[in-house]
Amino acid sequence: MSACLFCGIVKREIKGDIVYQDDSLVAFRDINPKAPVHLLIVPRKHISTLLEVEQGDRGLIGDIFYVAAQLATDQGISKDGFRVVVNCGPGAGQSVYHVHFHLLGGRLFTWPPG
Ligand code: AMP
């Protein structure tokens, strides 16, 4: 059993509402959604935070943004606009230490974020 929650979802040890997967990425619905559409896009590779992303991960991170845009279209939130958010570290509210990209849409968002 994985020590990391999101590694557990990626490896199907823990149930997740998976909406997309490929060789390097998995996207699933957030269990406590903050918007009508709230997905988490995670690399299969365990990376704790954005600060641990390495030179060799640059393509992987680019792929996440490509998949985010595809999923935004698939989920019907691309026309009105959507947000992609990474919380890094305690001050930003990161609670799960496996890097993840929140894809949020389906409502209006204020700026700056809280
Ligand atoms: P963050 O606070 O940026 O680390 O985001 C972690 C996110 O993971 C939160 O939005 C949680 O609601 C979400 N989350 C926690 N546990 C699960 C789970 N088992 N399945 C799906 N999402 C989860």
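Summary of computed values
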quantity	calculated
Convex hull (Cα only) mean projected area of the chain, reported in nm² to one decimal	7.3 nm²
Separation of alpha-carbon centers, region 86-101 and region 1-80, rounded to whole Å	13 Å
Within straight-line cross-link reach of residue 11, lysines at Cα separation under 24 Å, skipping those fewer than 8 residues along the same chain	45
From phi via Karplus (6.51, -1.76, 1.60), per-residue ³J(HN,Hα) for region 6-11 in Hz, x at Gly/Pro	6, 4, x, 5, 4, 8
Peptides 25-32, 91-98 ordered by average Cβ neighbours within 10 Å, highest first	25-32, 91-98
Burial ranking of peptide ranges 2-8, 67-73 (average Cβ count within 10 Å, highest at the top)	67-73, 2-8
Efficiency of FRET between residue 73 and residue 96 - r from beta-carbon atoms, R0 25 angstrom, step 0.05	0.45
Residue 19 accessible area, 1.4 Å probe, all protein chains in place, Å² to nearest 10	50 Å²
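The values are calculated or read from the model by the stated rules, or taken from the named source; none is laboratory data. These numbers come from a predicted model, not from an experiment. Every residue, glycine as well, gets a Cβ built from its backbone with ideal geometry; the counts of neighbours run over all protein chains shown. Heavy atoms of the whole protein, side chains included, go into the accessibility calculation; ligands, DNA and RNA do not. Shrake-Rupley method; radii C 1.70, N 1.55, O 1.52, S 1.80 Å.
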